[in-house]
Amino acid sequence: MERMESMEPISAHYTTAYPEIQPDYGSTETTESQAKTSSPPIYDEELVHKTILVGDSGVGKTSLLVQFDQGKFIPGSFSATVGIGFTNKVVPVDNVKIKLQIWDTAGQERFRSVTHAYYRDAHALLLLYDITSKSSFDNIRAWLTEIHEYAQSDVVIMLLGNKADMSSGRAIRRDQGERLAREYSVPFMETSAKTGVNVQLAFTAVAKELKHRAVQHPNKPKFQIHEYIEAQREKSGCCSYF
């Protein structure tokens, strides 16, 4: 079970040092070619992206966050999260720093109305189920229904099958998770909060998507989170849980 009643935010202080663009007073001519070669939009590193972990109680949301934040797994240290807690984490992406404010929510039904309130201004949602728990997987559709009802229409959603290290107790095959993700057109991977497999990748993929949305350039192809995850899967080969 998991618990995060008072996780202290991690403060991150840094400055953004981009060269200041000086106006060119030597020519007043503005051409179409000049417009096309203008500087690409610069990502604002002060942006804070609200990212929420959701899913049934006991799927490992708190453990996943601690693994990502602190790089460790603390067995048996968490009981069910009461209410909601958060931490701040800076993720380096394409030579810029992406600020994620990650909220860990309670999965119990009695806290569901509290969780709904946090959906409204969320930029990303990581939806977890436990691969050893059929009920947590069966409830994913209900969670997605709530997300579509309360969250913004353009929120980034990722489906994660957690506890992938517990292969002996597996109740949900990986292809079942993949099929459900395709049905809802969301990226998917299996993770392990215990071993750390794919934990960093999950948050990095979300951070890259958020960054590219913030600085979309009309002359560049749109970032494809599914393709990015697939490329990382091919790099990792057979040695990780995807």
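Odds and ends about this structure:
- Residue within segment 150-161 that is surrounded by 15 or more Cβ atoms within 10 Å (Cβ to Cβ), in contact (Cβ under 8 Å) with a residue 60 or more places away in the chain, aromatic (Phe, Trp, Tyr) and more than 17 Å from Glu209 (Cα to Cα) present: no
- The listed residue being within 22 Å of Ser136 (Cα to Cα), small (Gly, Ala, Ser) and either surrounded by fewer than 19 Cβ atoms within 10 Å (Cβ to Cβ) or out of contact with any Lys or Arg (no Cβ under 9 Å at 6 or more places or on another chain) (or both), out of Ala202, Ala214, Ala164: Ala202
- Count of residues meeting criterion [under 28 Å from Asp154 (Cβ atoms), surrounded by 14 or more Cβ atoms within 10 Å (Cβ to Cβ), in contact with a helix residue (DSSP H, G or I) (Cβ under 8 Å, 6 or more places away or on another chain) and at pLDDT below 90] in segment 42-87: 2
- Enumeration of residues in segment 119-142 that are in contact with a Phe, Trp or Tyr (Cβ under 6 Å, 6 or more places away or on another chain), among the hydroxyl-bearing types (Ser, Thr, Tyr) and in a helix (DSSP H, G or I): Tyr119, Ser136
- Every pair of residues 6+ apart whose Cβ atoms lie under 6 Å, when the first sits in segment 91-107 and is over 13 Å from Ala202 (Cα atoms) and among the charged types (D, E, K, R) while the second is modelled with pLDDT of 95 or more and surrounded by fewer than 20 Cβ atoms within 10 Å (Cβ to Cβ): Lys97/Val90; Lys99/Val48; Lys99/Val90
- Residue in segment 214-221 that is under 26 Å from Tyr118 (Cα atoms) and at pLDDT 95 or above present: no
- Subset of segment 177-199 (residues that are surrounded by fewer than 16 Cβ atoms within 10 Å (Cβ to Cβ) and outside any helix (DSSP H, G or I)): Ser185, Thr195
- Residue list for segment 143-163, filter: part of a helix (DSSP H, G or I) and polar (S, T, N, Q): Thr145
The values are calculated or read from the model by the stated rules, or taken from the named source; none is laboratory data. Since the model is a prediction, treat every value here as computed from it, not as a measurement. Using ideal geometry, Cβ is built from the backbone for each residue, glycine included, and neighbour counts are taken over all protein chains shown.
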